[in-house]
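The values are calculated or read from the model by the stated rules, or taken from the named source; none is laboratory data. Small disclaimer: the values here were computed from a predicted structure and weren't measured. A quick note on method: Cβ atoms are made from the backbone with ideal geometry, for glycine too, and the neighbour counts reach across all protein chains shown. All accessible areas refer to the heavy atoms of the entire protein, side chains included, with ligands and DNA or RNA removed. Shrake-Rupley method; radii C 1.70, N 1.55, O 1.52, S 1.80 Å.
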Amino acid sequence: TSDEISQAIQTYAESAIPGVDVSGLNISYNTFTSLEILDWGYEGIYINPSSGLGIVTIQDNEFSGNIVRAITSERSKTTIIDNTILTDYISSDLTTAGSYQGINVRTGTAQGDVTINNNVVGGSSSGKGFYQGIRIGNTGQSLTNFIVTGNTIQYNNNGILVKSASGVSVNQNKIAGNSVGIQNDDAVTLDATQNWW
């Protein structure tokens, strides 16, 4: 149900275990998929906030089937690279089911040094996809060194949604078949040059 969405891999938050440090965590070469067709799907990977100095890497994973969210990171120093994320949900329907985000990177505090590179994010076919293929930031959140490059974003309602644009660059991505390619909800101009539309 909407209250019981499962996470396959989830880290502890610093608020739950003070001093927790997941620096160096590498989640790679896994296959995530749903077991059956239900109203609500799964969230593959959830990285909670922690203040460690090392990088967390999420690389070369495959997500398929009924995906609510594939990857969420509330942590700075996260690299999300070379993942294939294809949902079977319809992108425009979030009333009873649907896929929220393929990649969701945001938290309530400052966040920085995040790279989202060479991922495929969207629907398994036309008419299916995420409500937001990639979501960056929250309104008023301070972001630094957010690099979104080389991704293929397809068949989503919003290909990329940016809530806080300062410190974010969205370049050299292939953005096709989305209802909205990139939506910038910030008053600050977003660097979204050199994309293929």
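When the Kirkwood radius is taken over all Cα pairs of segment 75-165, what Stokes-Einstein diffusion coefficient follows at 25 °C and 0.890 mPa s, in µm²/s?
187
For segment 41-49, just list the computed ³J(HN,Hα) in residue order, Karplus coefficients 6.51, -1.76 and 1.60, θ = phi - 60°, integers in Hz, with x standing in for Gly and Pro.
Per residue, the Karplus-derived 3J(HN,Hα) values read x, 10, 10, x, 9, 10, 9, 6, x Hz.
What net charge is computed for the residues neighbouring Ala165, neighbours being all others with C-beta under 11 Å from the C-beta of Ala165, Lys and Arg scored +1, Asp and Glu -1?
Cβ neighbours under 11 Å give a net charge of -2.
Provide the packing ranking of 137-146, 9-18, 103-112, i.e. peptides ordered by the mean count of other C-beta atoms within 10 Å per residue, highest first.
Packing order, densest peptide first, comes out as 103-112, 137-146, 9-18.
Quick one: Cα convex hull volume of the chain, Å³ per residue? Before the final figure, lay out each step's value.
Values: hull volume 20.8 nm³, N = 197.
So the per-residue hull volume is 105 Å³.
With every protein chain present, what is the per residue accessible area of segment 96-184 (1.4 Å probe, Å²)?
Ligands and nucleic acids excluded, the figure is 33 Å² per residue.
Suppose we keep just the DSSP beta bridges with both residues in segment 130-197; what percent of those would be antiparallel, to 5? Before the final figure, lay out each step's value.
Details: 0 of 17 bridges.
Approximately 0 percent, going by the DSSP bridge assignments.
Calculate I(q)/I(0) for segment 9-57 by the Debye formula, one identical point scatterer on each C-alpha and no solvent, and give its log10 at q = 0.20, 0.29 Å⁻¹ to two decimals.
For the requested q values the scattering log ratios are -0.75, -1.11.
How many percent of the accessible area of the chain is carbon or sulfur, using a 1.4 Å probe?
With neighbouring chains kept in place, the figure for the chain is 48 percent.
Expressed as a rounded percentage, what relative contact order does the chain have, with Cα pairs under 8 Å and six or more residues apart?
Relative contact order of the chain: 14 percent.
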